[in-house]
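Engineer: The following block contains the structure, expressed as structure tokens.
The values are calculated or read from the model by the stated rules, or taken from the named source; none is laboratory data. Just so you know, these numbers come straight off a predicted model, no measurement behind them. All Cβ positions, even for glycine, are placed from backbone atoms using ideal geometry, and neighbour counts span all protein chains on display.
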Amino acid sequence: MSAAASHRPRAASPDARRPAANPWNVDLRELGRRAGSLLQVQRTAPAPADWRVELIGVPEGAEIELRLRLEAVMEGVLVTGDLDVPVEGSCARCLEPIEDTLHLGVQELYAYRGSTTEATSEEDEVRRLEGDFLDLGPLVRDTVVLSLPLSPVCTEDCGGLCVDCGLRIDDLPADHTHEVVDPRWAALAQKFETEPSTSSPGTPGENATPEEN
């Protein structure tokens, strides 16, 4: 091979054309706009910090697995596929830590600018394509956050915490109980427990013989 040939520029690979700053981006130039064209996307991307609800969420930086199919249709790009999403949180009943993986499906149409769908839909009714790259981040975030339970549980039959001692009921024996004293009598019960008896052997009527009566 000649020296001149060794300096011939190479064609950029699809990965080289993908913006490194945003792993959620997909280069639509690989798909084209001919109806029926397909592009398979299988990759992992790190989760941002705010994908959560009060008790459970996706840890920041956790790897989300994407297995998606992008199809060019007349009105835009149809995205379908599956997600594997690791989540961490606390049980709403007993506060024990929870770790799980959500398996979610997605299906969303991204409308071309100037298409009938784009022109006849409200701003929040359809996702719109801007430029040569499709940002999957907002779609995945909405799918994940809307799927997170507001009251997650460690098990479906979790008994929660004992209202008297605060221990986890599932860890306590079956006969675990607490003596319940009516608060109206609590002071009186405490008095009887702490004060000695005031009766004496000489009390009239006690230990008397028949003759003495």
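Engineer: Can you spot a residue in the range 41-63 that is in contact with a helix residue (DSSP H, G or I) (Cβ under 6 Å, 6 or more places away or on another chain) and either modelled with pLDDT under 90 or more than 16 Å from VAL144 (Cβ to Cβ) (or both)?
Structural biologist: So far as the range 41-63 goes, no, none of its residues is in contact with a helix residue (DSSP H, G or I) (Cβ under 6 Å, 6 or more places away or on another chain) and either modelled with pLDDT under 90 or more than 16 Å from VAL144 (Cβ to Cβ) (or both).
Engineer: Just checking, does the range 120-130 include any residue being modelled with pLDDT under 95, assigned to a strand (DSSP E or B) and touching a helix residue (DSSP H, G or I) at 6+ places or on another chain (Cβ under 9 Å)?
Structural biologist: The first filter runs over the range 120-130 and keeps only residues modelled with pLDDT under 95, leaving 120-130.
After this cut, where a residue has to be assigned to a strand (DSSP E or B) as well, the list is 127-128.
Right, trim to touching a helix residue (DSSP H, G or I) at 6+ places or on another chain (Cβ under 9 Å) and you get 127-128.
Checking the range 120-130: at least one residue is modelled with pLDDT under 95, assigned to a strand (DSSP E or B) and touching a helix residue (DSSP H, G or I) at 6+ places or on another chain (Cβ under 9 Å).
Engineer: Select, from LEU104, LEU139, the only residue that is surrounded by 14 or more Cβ atoms within 10 Å (Cβ to Cβ), in a strand (DSSP E or B), touching a residue at least 24 places away in the same chain (Cβ under 8 Å) and not polar (S, T, N, Q).
Structural biologist: On the way: LEU139 fails: in a strand (DSSP E or B).
It is LEU104.
Engineer: Oh, and also: Filter the range 147-183 down to residues that are among the β-branched types (Val, Ile, Thr) and at pLDDT 80 or above, then give me how many there are.
Structural biologist: Going residue by residue through the range 147-183, those that are among the β-branched types (Val, Ile, Thr) are 153, 155, 163, 169, 177, 180-181.
Now drop any that are not at pLDDT 80 or above, which leaves 153, 155.
Looking only at that region, the number is 2.
Engineer: If the requirement is being within 23 Å of PRO46 (Cα to Cα) and in contact with a helix residue (DSSP H, G or I) (Cβ under 9 Å, 6 or more places away or on another chain), which of these qualifies: LEU161, LEU148, LEU134, LEU139? Can you show your working first?
Structural biologist: On the way: LEU161 fails: within 23 Å of PRO46 (Cα to Cα); LEU148 fails: in contact with a helix residue (DSSP H, G or I) (Cβ under 9 Å, 6 or more places away or on another chain); LEU139 fails: in contact with a helix residue (DSSP H, G or I) (Cβ under 9 Å, 6 or more places away or on another chain).
After applying the criteria, what remains is LEU134.
Engineer: Does THR203 count as surrounded by 12 or more Cβ atoms within 10 Å (Cβ to Cβ), modelled with pLDDT under 80 and of a type in the set (Ser, Thr, Tyr)? Steps first, please.
Structural biologist: Details: surrounded by 12 or more Cβ atoms within 10 Å (Cβ to Cβ): no; modelled with pLDDT under 80: yes; of a type in the set (Ser, Thr, Tyr): yes.
Spelling it out, it is not the case that THR203 is surrounded by 12 or more Cβ atoms within 10 Å (Cβ to Cβ), modelled with pLDDT under 80 and of a type in the set (Ser, Thr, Tyr).
Engineer: Anything in the range 74-86 that is surrounded by fewer than 20 Cβ atoms within 10 Å (Cβ to Cβ) and modelled with pLDDT of 95 or more? List them, or say none.
Structural biologist: Applying the first criterion (surrounded by fewer than 20 Cβ atoms within 10 Å (Cβ to Cβ)) to the range 74-86 yields 74-75, 78, 80-82, 84, 86.
The answer is LEU78, THR80, GLY81, ASP82, ASP84, PRO86.
Engineer: Report yes if LEU38 is modelled with pLDDT of 95 or more and within 29 Å of LEU148 (Cα to Cα), otherwise no. Before the answer, list the steps.
Structural biologist: Details: modelled with pLDDT of 95 or more: yes; within 29 Å of LEU148 (Cα to Cα): no.
No; evaluated as a whole, the condition is false for this residue.
Engineer: Can you confirm whether the range 97-115 contains a residue that is at pLDDT 75 or above and at positive phi? First the steps, then the outcome.
Structural biologist: Going through the range 97-115, the residues at pLDDT 75 or above turn out to be 97-114.
Next, only the ones that are at positive phi stay: 114.
Yes, the range 97-115 contains at least one residue that is at pLDDT 75 or above and at positive phi.
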